[in-house]
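One structure below.
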């Protein structure tokens, strides 16, 4: 989806695309900046060339994946809405509808999980580039980290919102554990990243 069209859809009164798609877009923007920062660190900075090339290659792969996720997230929520529109006139229909809703809500956590995981990777790459890349791209890599953090937060919110409607205790336990693990990684990474500008200023 083109950026202009996506922004028009996001600002409309339609339920999709929504926050999940916006989170995926933030992640894709982060990946773009990571790729740029890596490209500008090929000849300047303390990173080895192969390391920089790897970061750039993986950032571009994440960018492509998250761009697809923009539309995928919208479709997953549309599946939830479709399940709610199923008939509920008989006991059998009610049972079928309930199962479909639960299945749709669980599936709706898949893209937010992806966005959150990829965002952690982008934070890691941003930190590496801030610390060892071209000194002139510190602000760009920093913005990449902040965009990744926004994408991460959006992913977690959307997992939590969908999880709130899930009744399966095993699935809920699994997702809650995942969110805690990812949040610990995010907190550690962003603490390091946000301290870097202070060190640069003092230095």
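Data table
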quantity	calculated
Förster radius 35 Å - calculated FRET efficiency between residue 61 and residue 181, Cβ distance, rounded to 0.05	0.95
Acute angle (nearest 10 degrees) that the helix 91-107 long axis makes with the longest principal axis of the chain, alpha-carbon atoms	0
Fewest-first sequence of 138, 167, 53 by Cβ atoms within 10 Å of each Cβ	167, 53, 138
Percent RCO, i.e. relative contact order, over the range 48-203, from Cα pairs under 8 Å lying at least 6 residues apart	23
C-alpha long axis of helix 19-39 to longest principal axis of the chain, angle in °	20
The chain - Rg (one decimal) and Dmax (whole number), Cα, Å	19.5, 72
Estimated FRET transfer efficiency (residue 99, residue 9; beta-carbon r; R0 41 Å; 0.05)	0.85
Computed [θ] at 222 nm, helices only, for the chain once each DSSP H run of length n ≥ 4 contributes -39500 (n - 2.57)	-28500 deg cm²/dmol
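Every read-out reported here was derived from the displayed coordinates using simple, explicitly stated rules and does not represent laboratory data. The shown structure was predicted, so the numbers you read here are calculated from the model rather than taken from an experiment. Neighbour counts run over all protein chains shown; Cβ positions are idealised from the backbone, glycine included.
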